[in-house]
1. Could you check how many residues of the range 43-71 are surrounded by fewer than 23 Cβ atoms within 10 Å (Cβ to Cβ) and touching a strand residue (DSSP E or B) at 6+ places or on another chain (Cβ under 6 Å)?
2. Can you pull out the residues in the range 20-42 that are more than 14 Å from ligand 2 (Cβ to nearest atom), of a type in the set (A, V, I, L, M, F, W, C) and surrounded by 18 or more Cβ atoms within 10 Å (Cβ to Cβ)?
3. Is there any pair linking a residue in the range 131-151 that is among the aromatic types (Phe, Trp, Tyr) to one that is more than 16 Å from ligand 1 (Cβ to nearest atom), with Cβ under 6 Å and at least six apart or on different chains, and which?
4. Which residues, taken from the range 187-212, are more than 16 Å from ligand 1 (Cβ to nearest atom), within 30 Å of LEU271 (Cα to Cα) and either open to solvent by less than 40 Å² (accessible area, probe 1.4 Å) or not small (Gly, Ala, Ser) (or both)?
5. Output the qualifying pairs, or none if there are none: Cβ atoms under 9 angstrom, residues six or more apart or on different chains, first residue in the range 167-178 and open to solvent by 10 Å² or more (accessible area, probe 1.4 Å), second residue more than 10 Å from ligand 1 (Cβ to nearest atom) and acidic (Asp, Glu).
6. Quick one: would you say GLY227 is touching a helix residue (DSSP H, G or I) at 6+ places or on another chain (Cβ under 9 Å), modelled with pLDDT of 95 or more and more than 18 Å from LEU23 (Cβ to Cβ)?
7. Considering the range 123-137 alone, what residues qualify as being surrounded by 14 or more Cβ atoms within 10 Å (Cβ to Cβ) and of a type outside the set (Gly, Ala, Ser)?
Amino acid sequence: MRAVLLGTGSPPPNPKRRGPATLLALGDERFLVDAGSGVGVQLVQAGVRPYDWPRVLITHHHSDHMIDLGHLLITRWIVGQNAPFEVWGPAGTKRQMDKLLDYLDWDIEIRRAHMVKRERPRVTVTEIEEGKIIEAGGVTVSAFSVDHDPVKPAVGYRFEGGGRRVVVSGDTRPSENLIRWSRGVDCLIHECCEMAKTSWVPGCGWPTLEEKIKDLASYHTQPEDIGRVAKAANPGTLVITHMMPASVPAELEAAAKRHFDGPVTIGEDLLEV
Ligand SMILES: [Zn+2]
Ligand SMILES: [Zn+2]
């Protein structure tokens, strides 16, 4: 089973890192975790043309993880794909997809007006809870809860297939439940959103830079903790993703290795891990 990091960035636009998205594939069976900014072009660069854009598994409803769902949905339909667009995600996914379809409705109808007998794009939404959610093409997918309060629910996904086990954390602070679900996997793809590298301006919602860092760090995993998580989960490889533009890969690697003595990979867009 291949795991391709399509986007290793976070909300701030970063020419070197697209928004969060990861492709899992065993043969032609594909799963896309999250649909961050730029995911369509990254799928094409990974060799998946719009007609074949796969089912999407959303980890949570923060915009950086689903901002390009509309692009995926409409583009695969424009190129002629009539099979339903499958979207999986925690409670609230149906509400978000209904609103997205409503937003796209004018575009869909104006395009259909000069097509012949073209049906509207179909979407199937499955709201999931913790446990096994999909078995397809030799891959078993499970979802598990992570700790991203106040964003609830938020999940990570575990994939087993082709003799490999891969976990994608989604956004989370260090999570005991994630450690349970990740124990001994071959590859743990884990966020490390280093809030000390955030910016601040007056009126941004936090009175001081320090308060902003403290608040946002409380629901992400910081460099000082990423190695502790990996040590407890003991994956074959730790892959770090969801990075801030100012994060320095060598610093993140050094931080992770303070506690974890296994292999550490700093994610790069389009890297297969
Ligand atoms: Zn995020
Ligand atoms: Zn988030």
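The values are calculated or read from the model by the stated rules, or taken from the named source; none is laboratory data. Note that the structure is a prediction, hence the values are computed from the model and not measured. Cβ placement follows ideal geometry from the backbone for every residue including glycine, while neighbour counts extend to all protein chains displayed. Heads up: the accessible areas ignore ligands, DNA and RNA and are worked out on the full protein's heavy atoms, side chains in. Shrake-Rupley method; radii C 1.70, N 1.55, O 1.52, S 1.80 Å.
1. Residues that pass the stated criteria total 3.
2. Start the filter on the range 20-42 by keeping residues that are more than 14 Å from ligand 2 (Cβ to nearest atom), which leaves 22-32, 38-42.
Add one more test, that the residue is of a type in the set (A, V, I, L, M, F, W, C), and what stays is 23-26, 31-32, 39, 41.
Correct list: LEU23, LEU24, ALA25, LEU26, PHE31, LEU32, VAL39.
3. What qualifies is PHE144/GLU130; PHE144/ASN177; PHE144/TRP181.
4. Within the range 187-212, CYS187, LEU188 qualify.
5. As it stands, the answer is ARG173/ASP147; ARG173/ASP149; ARG173/ASP225; PRO174/ASP147; PRO174/ASP225; GLU176/ASP147; ASN177/GLU130; ASN177/ASP147, since those pairs meet every condition given.
6. On the way: touching a helix residue (DSSP H, G or I) at 6+ places or on another chain (Cβ under 9 Å): yes; modelled with pLDDT of 95 or more: yes; more than 18 Å from LEU23 (Cβ to Cβ): yes.
Yes, satisfied.
7. Of all residues in the range 123-137, those surrounded by 14 or more Cβ atoms within 10 Å (Cβ to Cβ) come to 123, 125-128, 130, 133-134, 137.
VAL123, VAL125, THR126, GLU127, ILE128, GLU130, ILE133, ILE134 - these are the residues of the range 123-137 that are surrounded by 14 or more Cβ atoms within 10 Å (Cβ to Cβ) and of a type outside the set (Gly, Ala, Ser).
Conditions (1) without any contact (Cβ under 8 Å) to a residue 60 or more places away in the chain; (2) away from ligand 1 (no atom under 13 Å from the Cβ), marked per residue:
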site	(1), (2)
LEU23	yes, yes
LEU26	no, yes
ASP34	no, no
SER37	yes, no
ALA46	no, yes
TRP53	yes, yes
ASP64	yes, no
ILE67	yes, no
HIS71	yes, yes
